[in-house]
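The values are calculated or read from the model by the stated rules, or taken from the named source; none is laboratory data. These numbers were taken from a predicted model, which means no experiment stands behind them. Because the Cβ atoms are built from the backbone with ideal geometry, glycine has one as well, and the counts that use them run over all protein chains shown. Heavy atoms of the whole protein, side chains included, go into the accessibility calculation; ligands, DNA and RNA do not. Shrake-Rupley method; radii C 1.70, N 1.55, O 1.52, S 1.80 Å.
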Amino acid sequence: MRYADFTPYDLVLLAQGLGVTVGLFTLTTLVGLLIAALFTLVDYYRVPVLRQVIVTVSEALKNSPVLVQLFLVFFGLPAFFHINMTPFVAASLTISLNTAAFAFVIFRSGIDAVEAEQVAAAKVYGHSRWQILRFVLLPQAAAFSIGPLVGLLVNQLQVTSLISVIGVFDLTKIGNILNLRTLEPFIVWTVVGLLYYALAKLLASVGARIEKRLRRSVVWEGI
Amino acid sequence: MNQLWVTLRPHLPFMLDGFLLTVFACTLAIIGAVLIGALMASLRTSGNRIVRGVAFAYSDVFRNTPFIVQLFFFFYGLPEIGIYIGAFETGVIALSIIGGAFVSDVIRSGILAVDQGVIEAAKVSGLSRWTIFTKIVLPIALRTSVRPMGSVLINMVLTSSILSTITINELTGTAKIVASTTFKPFEVYLVLLVLYASLTYALSLLINTVHRRLNRAMDTGGAA
Amino acid sequence: MIVIENVEKRFGETTVLKRINLTIEPGEVVTILGSSGSGKSTLIRCINGLEALSGGRITVDGNDVSTKAGLATARRRSATVFQLFNLYPHMTALENITLAPINVLKKPRAEAEARARELLKLVGLADLATAYPQRLSGGQRQRVGICRALAMDPRYLLLDEVTSALDPEMTGEVLDILAELARGGTTMLFVTHEVEFARRISSRIVFLEQGELIVDMPTERFFAEDGGFAVPRIRQFLTKMKKD
Ligand SMILES: Nc1ncnc2c1ncn2[C@@H]1O[C@H](COP(=O)(O)OP(=O)(O)OP(=O)(O)O)[C@@H](O)[C@H]1O
Ligand SMILES: [Mg+2]
C-alpha cells in the first residue's frame with residue numbers, strides 16, 4: 001500500500017485543473033489578441049511616444065522569462081504599489097500581456113507582408129488610411145497571420161502551466177498535488193502531459209481548419 | 001535609485017553566482033540539445049519507418065507539452081526508478097531534451113531546404129552518401145539554420161529560469177531569495193527582467209554575427 | 001562505350017522514354033536534339049543514375065548502371081555538367097573542383113589542387129580559385145562546373161543544356177571551351193538548343209520526339225536536304241530554331 005492511492009475524486013480534481021487551464025488560456029488569448037490589435041493600431045497610425053513605449057514593452061516581454069514576468073506582477077506590483085493581487089488576476093494579466101507582445105509582432109508582419117503596391121493603389125483611389133486598413137490590409141493580414149498565430153497559441157497554452165508556480169490551481173498545480181500525495185510521479189505527470197498534448201493538438205487542428213478557410217477567401221486560386 | 005543600489009549591492013555577488021550557474025546550465029544544455037537534435041534529425045531521414053516514427057514522436061511530444069511538466073516528470077520520477085542525480089543534473093538533462101526536440105526540427109528543415117540540384121551534382125560525381133551528408137548537406141543546412149537555431153537557443157535561456165522550481169539557484173532562483181530577503185520584489189524582478197533581456201539581446205547580436213560570418217561567401221537561396 | 005538498350009522510363013502513368021537504343025563510342029560527340037519535354041534531360045539522368053530505369057539497360061564500359069557497383073564505376077567514368085551549374089555554394093571554386101578527386105579518386109590534396117588550378121587556367125579563371133560561387137557570373141560558374149567535371153578525368157562528359165541559363169556573351173565563353181574539348185577528343189553526350197554549335201562540333205545527332213528516338217545520323221546527313229531535313233518533324237524543328 002502506497003502513501004495514498006489514487007481515488008475517483010482525483011479525476012474530478014484533474015477535470016477542475018483542466019477547466020482552469022482552458023478557462024485562463026481562453027481568457028488571456030481573447031484579452032491578449034485585443035491588446036495586440038490595439039498595439040497594432042497605435043503602430044499603424046504611428047502615434048508618437050506611445051508607439052515607442054509599446055515596442056519597448058513588447059520587446060521586454062518577448063525577451064524575458066514568463067516566470068520572471070509572473071513574479072514581477074504577483075510579488076512585485078502589490079509590494080510596490082500597495083495593491084491587492086490574487087494569483088488568478090496576476091496570471092491573467094501576465095499571460096494576456098505576454099500573448100499580446102508576440103501577437104503584436106505577428107500582426108505587424110502580416111500587414112507588412114501585403115504588397116506596397118496594393119496600398120499605393122488604394123491611396124490613389126482616395127481611400128482613407130482606415131479604409132485601407134479595413135478593406136485592403138486586414139483581410140490579407142489575417143490570412144498571413146493565422147498560421148504563426150496558431151503556433152503562438154499552442155506555445156502559450158504550454159506557458160500557462162507556469163501560473164501554477166504562483167499558486168493558481170491549474171492542471172499543473174493539480175499534478176503537483178497528486179504527485180505529492182500519491183508519490184506516483186510517472187503516472188501523474190504522464191497523464192497531465194497527455195492532457196496538455198491533447199489540448200495542443202486540438203488547438204492546432206482547429207487552427208489549421210480556420211487557416212484553410214481564411215486562405216481560400218483571400219488567395220485567388222484560379223478558375 | 002541610490003537607495004535601491006544600497007539595498008541590492010550586498011546581494012550582487014550571490015546573484016552573480018546565480019547568473020554564472022544559468023550560463024553554465026545553458027551551455028551544457030545547448031551542447032546536449034545540439035547533439036540530441038542532430039541525432040534525431042538524422043534518424044528522421046532513416047529508411048526504417050519505426051526509427052523515423054520514434055524520432056518524429058520525440059519532437060512532437062516534447063514540443064507539445066509544457067517544460068515544467070517534463071521537468072517534474074524527471075525530477076520526481078527518476079528517483080522512483082533508482083536514478084539519483086542532483087537537481088542541477090536533472091534540470092540540464094530536461095533542458096537538453098526539450099531543446100533537442102526544437103533543434104531537431106530546425107536541422108531537419110535546414111536539410112530539406114538544401115538545393116536538390118546541388119545534391120545531385122554530388123551524387124553523380126560518385127561521392128558516398130556519408131560524404132555528401134557531412135561535406136555538402138550538413139554544412140549548407142548549418143549555415144541556413146543559424147537564425148532559427150538562434151531563436152531556439154534564446155528560448156532555452158529563457159526556459160532555464162524554470163529550473164528554479166526544482167530548487168536550483170540559478171539566476172531566477174537567487175533573485176527569488178534576494179527579493180524575499182530585501183522585501184523589494186518589484187525592484188529585484190524588474191532588474192532580473194532587464195538582465196534576461198540584455199542576455200538574450202547579447203545572444204541575438206552574437207547569432208547575427210555568426211550568421212553573417214558563415215553566409216558572407218555563400219548564397220543559400222538557390223542555384224543561380 | 002555507353003550502350004543504351006531498349007530503355008524505358010515512366011513517371012507514374014506517363015511514359016517519358018520509349019525503347020531508346022543508342023551507342024556512344026569513345027571519341028564521339030553526340031548531340032541530342034528535341035523539343036521541350038521530349039525526354040532529353042531524363043535520358044541523361046538515366047545514364048548518370050539520377051533516375052532509375054523502368055525497363056531496358058544502360059551500361060558504361062560494360063558497367064550496368066542499375067547495379068550498385070556498376071553505377072559506382074559508371075559514375076567514375078562519366079561526369080555531368082548541369083544547366084543550373086549546381087555548384088556547392090559553401091565551397092570556393094577550387095574546393096568545388098577538388099572535392100570528388102580527393103574523396104572519390106583518393107588523390108592527394110596537393111595533386112588534386114594542382115590539377116584544379118591547371119583546369120581553371122585552361123578556362124581562364126586562374127585568378128578566381130578562391131572565389132565562392134556567389135561572387136561569380138553565370139558564365140564563370142558554368143566554367144567552374146566544367147572544371148569540376150573534367151577534374152574527374154572522365155571518359156564521358158554528359159552535358160544538359162549547359163548554356164541555356166546564360167546570356168549570349170557568357171554562352172560564347174562556355175561553348176568555346178566545349179569546342180576545344182571536342183577537338184581534343186573528349187567523348188561527349190550533349191543536350192542543347194544551340195543547333196549551329198551542335199552542327200559544328202558533333203559527329204552525330206540524335207533526335208528525340210515525345211520520348212522516342214526517331215533519328216540517329218552523322219551530323220552532315222542530319223543537316224542534308226535528303227537526310228534529316230527530309231523528315232518533316234525535323235525540318236519543322238530546325239526551321240523554328242533558326243527563327244528564334
Ligand atoms: N520527376 C518527374 N516526374 C514526373 N514527370 C516528369 C519528371 N521529370 C520529367 N518529367 C516529365 O517527363 C517529360 C520529359 O522531361 P525532360 O525534362 O526529360 O524533357 P526535356 O526534353 O529535357 O525538356 P527541356 O528541353 O524543356 O529541358 C516531361 O513531360 C516532364 O514533364
Ligand atoms: Mg531538359
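Would you mind finding the one in A:Ser92, A:Ser109, A:Ser96 that is open to solvent by 60 Å² or more (accessible area, probe 1.4 Å), closer than 21 Å to A:Thr29 by Cβ, touching a residue at least 24 places away in the same chain (Cβ under 8 Å) and more than 14 Å from chain B (Cβ to nearest Cβ)? Working first, answer last.
Values: A:Ser92 fails: open to solvent by 60 Å² or more (accessible area, probe 1.4 Å); A:Ser96 fails: open to solvent by 60 Å² or more (accessible area, probe 1.4 Å).
Result: A:Ser109 is the single residue among A:Ser92, A:Ser109, A:Ser96 that is open to solvent by 60 Å² or more (accessible area, probe 1.4 Å), closer than 21 Å to A:Thr29 by Cβ, touching a residue at least 24 places away in the same chain (Cβ under 8 Å) and more than 14 Å from chain B (Cβ to nearest Cβ).
Cβ-Cβ below 6 Å, separation at least six or inter-chain, first residue in segment B:121-143 and more than 7 Å from chain C (Cβ to nearest Cβ), second outside any loop (DSSP other than H, G, I, E, B) and open to solvent by 10 Å² or more (accessible area, probe 1.4 Å): which pairs?
Taking only residues 6 or more apart or on different chains, the pairs are B:Ala122/B:Ile132; B:Val137/B:Ile111; B:Ala141/B:Ile111.
What number of residues within segment C:75-95 are closer than 21 Å to B:Thr134 by Cβ and in contact with a Gly (Cβ under 8 Å, 6 or more places away or on another chain)?
Counting residues in segment C:75-95 that are closer than 21 Å to B:Thr134 by Cβ and in contact with a Gly (Cβ under 8 Å, 6 or more places away or on another chain) gives 4.
For segment B:157-171, does any single residue satisfy the condition of being on the phi > 0 side of the Ramachandran plot, surrounded by fewer than 17 Cβ atoms within 10 Å (Cβ to Cβ) and within 10 Å of another protein chain (Cβ to nearest Cβ)?
So in segment B:157-171, the residues on the phi > 0 side of the Ramachandran plot come out as B:167.
Checking the rest, the ones that are also surrounded by fewer than 17 Cβ atoms within 10 Å (Cβ to Cβ) come to B:167.
Still in the list and also within 10 Å of another protein chain (Cβ to nearest Cβ): none.
No: zero hits.
All but one of (1) open to solvent by 10 Å² or more (accessible area, probe 1.4 Å); (2) at pLDDT below 95; (3) within 12 Å of chain B (Cβ to nearest Cβ) hold for C:Arg143; which doesn't?
Of everything listed in (1) open to solvent by 10 Å² or more (accessible area, probe 1.4 Å); (2) at pLDDT below 95; (3) within 12 Å of chain B (Cβ to nearest Cβ), C:Arg143 misses just condition (3).
With respect to A:Phe74, determine if the residue is open to solvent by 30 Å² or more (accessible area, probe 1.4 Å), within 9 Å of chain B (Cβ to nearest Cβ) and within 20 Å of B:Pro66 (Cβ to Cβ).
On the way: open to solvent by 30 Å² or more (accessible area, probe 1.4 Å): yes; within 9 Å of chain B (Cβ to nearest Cβ): yes; within 20 Å of B:Pro66 (Cβ to Cβ): yes.
Answer is yes for this residue.
Do any strands (runs of 3 or more DSSP E) lying entirely in segment C:1-111 carry at least 2 residues that are within 16 Å of ligand 2 (Cβ to nearest atom) and either within 15 Å of B:Ala121 (Cβ to Cβ) or not basic (Lys, Arg) (or both), and which ones are they? Walk me through how you get there before you give the answer.
Working: elements: C:2-11, C:14-24, C:29-34, C:55-60, C:78-81.
Hits in segment C:1-111: C:14-24, C:29-34, C:78-81.
Residue-wise test of (1) open to solvent by less than 40 Å² (accessible area, probe 1.4 Å); (2) more than 11 Å from chain B (Cβ to nearest Cβ).
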{"residue": "A:Leu162", "(1), (2)": "yes, no"}
{"residue": "A:Gly167", "(1), (2)": "yes, yes"}
{"residue": "A:Asn176", "(1), (2)": "yes, no"}
{"residue": "A:Leu183", "(1), (2)": "no, no"}
{"residue": "A:Ile187", "(1), (2)": "no, no"}
{"residue": "A:Val192", "(1), (2)": "yes, no"}
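Any chance segment A:136-158 includes a residue that's within 13 Å of chain B (Cβ to nearest Cβ) and at positive phi?
Within segment A:136-158, none of the residues are within 13 Å of chain B (Cβ to nearest Cβ) and at positive phi.
With the condition kept exactly as written, say whether any residue in segment C:24-34 is closer than 24 Å to C:Leu181 by Cβ, within 14 Å of chain B (Cβ to nearest Cβ) and either within 16 Å of ligand 1 (Cβ to nearest atom) or in contact (Cβ under 8 Å) with a residue 60 or more places away in the chain (or both). Spell out the reasoning first.
To start, the set of residues in segment C:24-34 that are closer than 24 Å to C:Leu181 by Cβ comprises C:24-34.
With the extra rule that they be within 14 Å of chain B (Cβ to nearest Cβ), the set shrinks to none.
Scanning segment C:24-34 turns up no residue that is closer than 24 Å to C:Leu181 by Cβ, within 14 Å of chain B (Cβ to nearest Cβ) and either within 16 Å of ligand 1 (Cβ to nearest atom) or in contact (Cβ under 8 Å) with a residue 60 or more places away in the chain (or both).
For C:Arg10, indicate whether it is away from ligand 1 (no atom under 16 Å from the Cβ) and not aliphatic (A, V, I, L, M).
Details: away from ligand 1 (no atom under 16 Å from the Cβ): no; not aliphatic (A, V, I, L, M): yes.
Taking the combined requirement at face value, the residue does not satisfy it.
Within the bounds of segment C:163-171, is there any residue that is within 16 Å of ligand 2 (Cβ to nearest atom) and touching a residue at least 40 places away in the same chain (Cβ under 8 Å)? Can you show your working first?
Start the filter on segment C:163-171 by keeping residues that are within 16 Å of ligand 2 (Cβ to nearest atom), which leaves C:163-166.
Those still in the list that are touching a residue at least 40 places away in the same chain (Cβ under 8 Å) too: C:164-165.
The answer is yes, given that some residue of segment C:163-171 is within 16 Å of ligand 2 (Cβ to nearest atom) and touching a residue at least 40 places away in the same chain (Cβ under 8 Å).
Considering segment C:159-179 alone, what residues qualify as being acidic (Asp, Glu) and more than 13 Å from ligand 1 (Cβ to nearest atom)?
C:Asp167, C:Glu169, C:Glu173, C:Asp176, listed by residue number.
Mind listing just one residue for me: the one in segment B:27-48 that is assigned to a helix (DSSP H, G or I) and of a type in the set (S, T, N, Q) and, of those, least open to solvent (accessible area, probe 1.4 Å)?
In this case the residue turns out to be B:Ser42.
Please find, among C:Ala149, C:Ala131, the residue that is surrounded by fewer than 18 Cβ atoms within 10 Å (Cβ to Cβ), more than 16 Å from ligand 1 (Cβ to nearest atom) and of a type outside the set (Val, Ile, Thr).
C:Ala131
Considering only residues that are of a type outside the set (S, T, N, Q) and loosely packed, with under 14 Cβ neighbours inside 10 Å, which ones fall in segment C:14-54? Spell out the reasoning first.
Looking only at segment C:14-54, we keep the residues that are of a type outside the set (S, T, N, Q), and these are C:16-20, C:22, C:24-30, C:32-34, C:37, C:39-40, C:43-47, C:49-53.
Across segment C:14-54, the qualifying residues are C:Glu25, C:Pro26, C:Gly27, C:Gly37, C:Ala52.
Mind checking which residues of segment C:146-159 are away from chain B (no Cβ under 11 Å) and in contact with a helix residue (DSSP H, G or I) (Cβ under 8 Å, 6 or more places away or on another chain)? Outline the logic, then answer.
Restricting attention to segment C:146-159, the residues satisfying the condition of being away from chain B (no Cβ under 11 Å) are C:146-147, C:150, C:153, C:155-157, C:159.
Within segment C:146-159, C:Ile146, C:Cys147, C:Leu150, C:Arg155, C:Tyr156, C:Leu157, C:Leu159 meet the criteria.
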